[in-house]
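J.: Please find one structure pasted underneath; my questions will follow.
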Amino acid sequence: MSELIEVRSGVELPSSREAVELITSDGLKLVGELALPVSRTPVATLITLHPLPTHGGFMDSHVLRKAANRLPYLADVAVLRFNTRGTSSPHGTSDGVFGEGIAEVADVAAAVDFAISRGLPNLWLVGWSFGTELALKYGPDHEIEGAILLSPPLHRTSDEELSRWNGTGKRLYALVPEFDDYLQPEAANSRFAGVQDISVIGVDGAKHLWVGEAATTRVLNEIVKVVNPAAYPLPEDVSL
C-alpha cells in the first residue's frame, strides 16, 4: 500500500547514494557523495559548491542536502556534493586546508573530472555563497553547461573574471535574495551588467541562507526549471 508523503523539511526520497573520493591535482582526497536516480538515467547533473567553510559551510549545508534528498527522485537529476579542502561534515573531512578560494581551483577541477569520468550528463555547477565565487572564477575552464548561483556575494570574483564567461556558450543564473546580507538584486544587476548570458532572478522575501521550506522549495524549483524543465514545477507530495 502506497503512502502519500509531503515533500518538505528532512524528507529523504529514494535515490542511489554512493560515498565518493575526489583526488585533486595536488594530491588531496576530498570527501563526497553522489546521489543518482534509482532506476532511471539522470538527465542532468549538479556539481554543488558549498558556502564558506570558515563560517560553517560544508557539503551538508541544508539547500545542498535537500537537493540530494529530493532531486534524483523528483527530477531525474544526479547530485554530486563534496567538502572542499580542509572542510569537515558528517560525511568526513577532506584533506588540506582552506585556500581562500584560490587553491580550490583544483577542487572544482577534481569534481568536474570525476563527473566526466562517470559519464554523467549535462553538468551544471551549483554554488551557494562562497561556492558561487568558485563557480564564477573557474567555471569557464570546464566542460559544463553553465552555473547556477545562490546568494552570490561577489567578494572574491573580479569584473575581469566575470567577463571570461562571455563568448563561452555557458549560461549563468543568479538567484539573489531580496534581503541578502551581501548583494541584493539591484546591486547584483549592476555587478553582472557586463555578463552577456546571465539571468539575475530577485527572490522576494528571501535571505542569504534561504531559511524555511518556502525558500528551499523556490531554490530547488528554479534549479529544476533550468536543468530539466520537463520536471518543473516539483510536486508538493509524492506517493511511495
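The values are calculated or read from the model by the stated rules, or taken from the named source; none is laboratory data. All figures in this text were calculated on a predicted structure; none of them were measured in a lab. Here the Cβ is made from the backbone with ideal geometry for all residues, glycine too, and neighbour counts use every protein chain on show.
J.: Restricting to segment 78-105, name every residue that is over 12 Å from the mean Cα position of the chain (by Cα) and of a type in the set (A, V, I, L, M, F, W, C).
T.: Correct list: VAL97, PHE98, ILE102, ALA103, VAL105.
J.: Going residue by residue through segment 93-104, is there one that turns out to be closer than 27 Å to GLU222 by Cα and of a type in the set (A, V, I, L, M)?
T.: no
J.: Among what's in segment 177-229 and is among the acidic types (Asp, Glu) and outside any loop (DSSP other than H, G, I, E, B), pick the residue that is farthest from ASP60 (Cα to Cα).
T.: The residue in question is GLU186.
J.: Now a separate question. Take the residues in segment 136-157 that are of a type in the set (Asp, Glu) and in contact with a strand residue (DSSP E or B) (Cβ under 9 Å, 6 or more places away or on another chain); name whichever of them is surrounded by the fewest Cβ atoms within 10 Å (Cβ to Cβ).
T.: Filtering segment 136-157 for residues that are of a type in the set (Asp, Glu) and in contact with a strand residue (DSSP E or B) (Cβ under 9 Å, 6 or more places away or on another chain), the one surrounded by the fewest Cβ atoms within 10 Å (Cβ to Cβ) comes out as GLU143.
J.: Filter segment 157-176 down to the residues that are aromatic (Phe, Trp, Tyr) and within 26 Å of GLY56 (Cβ to Cβ) and list them by number.
T.: TYR173 - this is the single residue of segment 157-176 that is aromatic (Phe, Trp, Tyr) and within 26 Å of GLY56 (Cβ to Cβ).
J.: List the number of the failed condition for GLY119; all other conditions in (1) farther than 28 Å from PHE179 by Cα; (2) in contact (Cβ under 8 Å) with a residue 60 or more places away in the chain; (3) assigned to a loop (DSSP other than H, G, I, E, B) hold.
T.: (2)
J.: Additional query: Take segment 161-201 and flag every residue that is of a type in the set (Asp, Glu) and farther than 15 Å from GLY127 by Cβ.
T.: Once the filter is applied, which keeps residues that are of a type in the set (Asp, Glu) and farther than 15 Å from GLY127 by Cβ, segment 161-201 yields GLU178, ASP181, GLU186, ASP197.
J.: Let me ask something else. So which residues in segment 64-113 are more than 17 Å from GLY10 (Cα to Cα), of a type in the set (A, V, I, L, M, F, W, C) and either in a helix (DSSP H, G or I) or at pLDDT below 95 (or both)?
T.: Result: ALA75, VAL105, ALA106, VAL108, ALA109, ALA110, ALA111, VAL112.
J.: Hey, among GLU178, GLU213, GLU160, which residue is surrounded by fewer than 18 Cβ atoms within 10 Å (Cβ to Cβ) and touching an Asp or Glu at 6+ places or on another chain (Cβ under 8 Å)? I'd like the intermediate steps shown before the answer.
T.: Numbers: GLU213 fails: touching an Asp or Glu at 6+ places or on another chain (Cβ under 8 Å); GLU160 fails: touching an Asp or Glu at 6+ places or on another chain (Cβ under 8 Å).
After ruling out the rest, the residue left standing is GLU178.
J.: Run LEU125 past the list (1) assigned to a strand (DSSP E or B); (2) within 24 Å of GLU213 (Cβ to Cβ) and report the number of the one that doesn't hold.
T.: The number of the failed condition is (2).
J.: Here's a follow-up. Sort out which residues of segment 219-233 are over 21 Å from PRO177 (Cα atoms) and either crowded, with 18+ Cβ neighbours inside 10 Å or in contact with a strand residue (DSSP E or B) (Cβ under 7 Å, 6 or more places away or on another chain) (or both), and write them in order of number.
T.: ASN228, ALA231
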